[in-house]
Amino acid sequence: MNRPSNIRRSSAGTRRHHRTHPPYRLDILAPGVATVLVLPDPAGDTVHSVTAYDALGRPMAVADEHAAHILSLLQGAFTADWAQPLVWRRNGNTLTDETPMRGAA
């Protein structure tokens, strides 16, 4: 996937406004999405891998252009270190820096 070299930035007021939208907009792009995993490129490039999961934890097929749009929505709504793995959860509309396998035995 080709990504812009700059991470999308927006003002604090715009981020607060955009923070209410991801659950609804992501449901349009990937119906039934419960979790989104964003992985940076190991080479340190700006290319990210976006994987959506349903409520049962099964990966969902997401087109490349939809993955780019999902990443753009999350970057516009949340301030984070995009050089590390991030997880967005629909339940609570939160973006955290932990992987979904954390704590799994």
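Coordinate-derived values only; no laboratory data. Since the model is a prediction, treat every value here as computed from it, not as a measurement. Here Cβ is always computed from backbone atoms with ideal geometry, including for glycine, and neighbour counts include all displayed protein chains.
Observations on the model:
- Mean Cβ count within 10 Å, highest first, over the residues of peptides 61-67, 81-87: 81-87, 61-67
- Spin-label pair T94-R15: with each label point 7 Å from Cα along the Cα-Cβ axis, the two points sit 1.7 nm from one another.
- Using θ = phi - 60° in the Karplus curve 6.51 cos²θ - 1.76 cosθ + 1.60, the 3J(HN,Hα) couplings for the range 76-83 round to x, 9, 10, 9, 7, 8, 6, 8 Hz; x is entered for Gly and Pro.
- Long-range amide H partners of D54 with built H, under 5 Å: A34, M60
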